[in-house]
Ligand SMILES: Nc1ncnc2c1ncn2[C@@H]1O[C@H](COP(=O)(O)OP(=O)(O)OP(=O)(O)O)[C@@H](O)[C@H]1O
């Protein structure tokens, strides 16, 4: 069963087209993240789904209900959608209880049972029910905003960059609490974010948006391991992209001869190696590189190197326990197979990315 279907949606502001024929299926009870850089059209798409504005063309269906088609639009209040904006937008002079109760029926408000249930669901202490928003942390405010959105049991919950105002520590806790609450409520949710770690860690499905187009929709592990093109690879975490020549499933590049996971690619190409695929040794085989700098994160570290003899910059991600010294020379090996993308002048008339990568 599909909970939300967006088909062929376009939207322009004045003469500027912001969305170019967007298609999206968000499965019921799943969390879909729309991930893309600032200004690519994510919020615009979310607002069209919510009904705050109308598409120029296309259709939007929620379960069995067509909410936009052929210029006919169901108003937002009749779409059964819960919306969590960037900064909770709670009513500032009302208590947590009153904020959440906004979405409840009079009977539910009187019993107090549903309020307690919602506070438990989003992982908030029942004792905060009497506080006003300014007496809560940013993370608690976002959980209240989610509880308010979930209160009327909507068919769909939309979240627009809901964690962007939180500091790193709170963001992580709040993300996990929100994802758990959405799952426990069995909600279908669409989350908009420009943070790839957020999308990859929270979502069941990630839709990558670039310049008003959804360019890849897949499970998190698939978009990370099998990005459709080099641009998506770069956008989703650190990517080492090296020029290569591919023959019979083997790529010859500055990191040696590597096994390619994309059998259809042959000839001049770029290979994608993720930093965690690299191992460094002080002796043995493999190309040599000089350690330039190390960013230490505690649990692991990013080691930036220059490869010999051409000086290509690469990054390895290693556990924080066995790090080389800056300035030292190391041997570099690649631990697993890689993806290859034909270099642009070999693509001919093929649309970018098409048939280059096999998806799971
Ligand atoms: N009401 C509007 N009138 C004119 N232009 C708009 C309007 N709303 C959005 N835009 C433009 O449409 C483009 C997409 O905006 P949108 O807010 O959807 O991007 P976004 O991906 O959500 O960005 P961000 O992550 O920064 O919020 C931007 O260039 C923006 O300036």
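Structure values in brief
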item	result
Residue in region 8-20 that is more than 14 Å from the ligand (Cβ to nearest atom), surrounded by 15 or more Cβ atoms within 10 Å (Cβ to Cβ), in the same structural domain as residue 141 (by the TED database) and assigned to a strand (DSSP E or B) present	no
Members of region 131-140 found to be at pLDDT 85 or above and part of a helix (DSSP H, G or I), listed by number	133, 134, 135, 140
Residue count for region 202-224, restricted to those that are part of a strand (DSSP E or B), over 18 Å from residue 159 (Cβ atoms) and either away from the ligand (no atom under 14 Å from the Cβ) or within 10 Å of the chain's Cα centre (by Cα) (or both)	2
Residue that is surrounded by the most Cβ atoms within 10 Å (Cβ to Cβ) [pool: residues in region 27-43 that are more than 13 Å from the ligand (Cβ to nearest atom) and more than 11 Å from the chain's Cα centre (by Cα)]	30
Residue count for region 150-191, restricted to those that are surrounded by fewer than 22 Cβ atoms within 10 Å (Cβ to Cβ), within 17 Å of residue 28 (Cα to Cα) and within 16 Å of the ligand (Cβ to nearest atom)	0
So residue 237, is it part of a loop (DSSP other than H, G, I, E, B), over 29 Å from residue 205 (Cα atoms) and at pLDDT below 95	no
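The values are calculated or read from the model by the stated rules, or taken from the named source; none is laboratory data. All figures in this text were calculated on a predicted structure; none of them were measured in a lab. Please note: Cβ atoms are built from the backbone with ideal geometry, for glycine as well, and neighbour counts cover all protein chains shown.
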